[in-house]
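Contents: one structure, followed by commentary.
The values are calculated or read from the model by the stated rules, or taken from the named source; none is laboratory data. Worth saying up front: this structure is predicted, and the values here are computed from it rather than measured. Glycine gets a Cβ as well: all are built from the backbone with ideal geometry, and neighbour counts include every protein chain shown.
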Amino acid sequence: MIQCFFCSQNLKEIDYKEPELLKRFVSGQAKIIDPQHSAICAKHQRALAQAIKRARFLALLPYVRK
């Protein structure tokens, strides 16, 4: 089984102010990637989704790609 990226890096908190890290988990259509495809545990998937949504609200990440 593949270990979660955030668990393996010992990251306690997912920061919404790091758009480069968050872009890894967003598809080409600016959708949040499914946890089965990104190999993220449920705890970090919830935190990642919240961070992506906050980054979108502050215009650090796009809502839609053109």
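Here are the numbers for the structure shown:
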{"quantity": "Breaking point among (1) outside any loop (DSSP other than H, G, I, E, B); (2) more than 9 Å from the chain's Cα centre (by Cα); (3) crowded, with 16+ Cβ neighbours inside 10 Å, for residue 51", "calculated": "(2)"}
{"quantity": "Among (1) exposed (fewer than 12 other Cβ atoms within 10 Å of the Cβ); (2) of a type outside the set (Val, Ile, Thr); (3) in contact with a Ser or Thr (Cβ under 7 Å, 6 or more places away or on another chain), the one test that residue 24 misses", "calculated": "(3)"}
{"quantity": "Near pairs, Cβ below 7 angstrom, 6+ apart or cross-chain, from segment 1-28 (within 17 Å of residue 43 (Cα to Cα)) to any residue that is assigned to a helix (DSSP H, G or I) and of a type in the set (D, E, K, R)", "calculated": "16/54"}
{"quantity": "Answer from 11, 21, 48 - the residue that is at pLDDT below 90 and out of contact with any Pro (no Cβ under 6 Å at 6 or more places or on another chain)", "calculated": "11"}
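To keep it simple, each residue is scored yes or no on (1) part of a helix (DSSP H, G or I); (2) surrounded by 13 or more Cβ atoms within 10 Å (Cβ to Cβ); (3) more than 10 Å from the chain's Cα centre (by Cα).
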{"position": "3", "(1), (2), (3)": "no, no, yes"}
{"position": "29", "(1), (2), (3)": "no, no, yes"}
{"position": "36", "(1), (2), (3)": "yes, no, yes"}
{"position": "40", "(1), (2), (3)": "no, yes, no"}
{"position": "44", "(1), (2), (3)": "yes, yes, no"}
